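Notes follow the structure.
The values are calculated or read from the model by the stated rules, or taken from the named source; none is laboratory data. Here the structure is a predicted model, which is why all the values come from computation and not from measurement. Counting neighbours? That spans all protein chains shown, and the Cβs are built from the backbone with ideal geometry, glycine included. For accessibility, only protein heavy atoms count, side chains too; no ligands or nucleic acids. Shrake-Rupley method; radii C 1.70, N 1.55, O 1.52, S 1.80 Å.
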Amino acid sequence: MIALGADHGGFLLKEAIKAYFEKEGIAYRDYGTYSEDSVDYAPIAEQVARAVADQTAEKGILCCGTGIGISIAANKVRGIRAAVVVNAFCAQATRAHNDANILCMGGRVITEQEAVEFTKIFLATEFEGGRHQRRIDQIAAIERENL
Ligand code: RB5
């Protein structure tokens, strides 16, 4: 199951991703928001991040206006590596190198079509491990000492 969340700035991207998941039969849970009315992104980020951290969800996708605020909030949950992505290369690289477990995107930055394209790449790309695992371990050590 993929956990989806957005604030008003990312609502339309989330809806486009949901439509893609429906078409492809990909299991998801929508943690809101459910309209373009203004809402705060941090509580939505926390719910999606917790679902990923406790393995209720395999991966998460969070959208706000820029993808930045919602990623900062998600990264406060232990075990989360939430990455803001603005192109196909970053969508691939953040899985292959960072083992990112939440994809973050901005509704005021990219199109709905790009959001679906980056989602496909993110979900299809495996972590490469090797030297990148050492770097992930270093990030985890920082987290243990500071969060
Ligand atoms: C909301 O106006 C906006 O600040 C939010 O969607 C996001 O871009 C924050 O990083």
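Please find, within the range 110-127, the residue that is nearest to G65 (Cα to Cα) out of those that are of a type in the set (A, V, I, L, M, F, W, C) and touching a residue at least 24 places away in the same chain (Cβ under 8 Å).
The extreme case among them is I110.
Is it the case, given these coordinates, that A27 is over 14 Å from the mean Cα position of the chain (by Cα) and aliphatic (A, V, I, L, M)?
yes
In this structure, is I26 under 22 Å from E114 (Cβ atoms), of a type in the set (V, I, T) and buried (at least 23 other Cβ atoms within 10 Å of the Cβ)?
In short, no.
Just to be sure before I move on: is G65 closer than 14 Å to I2 by Cα and open to solvent by less than 20 Å² (accessible area, probe 1.4 Å) in the structure I sent?
The answer is no for G65.
Determine which member of the set S71, S38 is touching a His at 6+ places or on another chain (Cβ under 6 Å) and not charged (D, E, K, R).
None of the others qualify; the one that does is S38.
Among the residues of the range 117-137 satisfying the criterion of being in contact with a Lys or Arg (Cβ under 7 Å, 6 or more places away or on another chain) and assigned to a helix (DSSP H, G or I), which is surrounded by the most Cβ atoms within 10 Å (Cβ to Cβ)?
Ranking the candidates gives F122 first.
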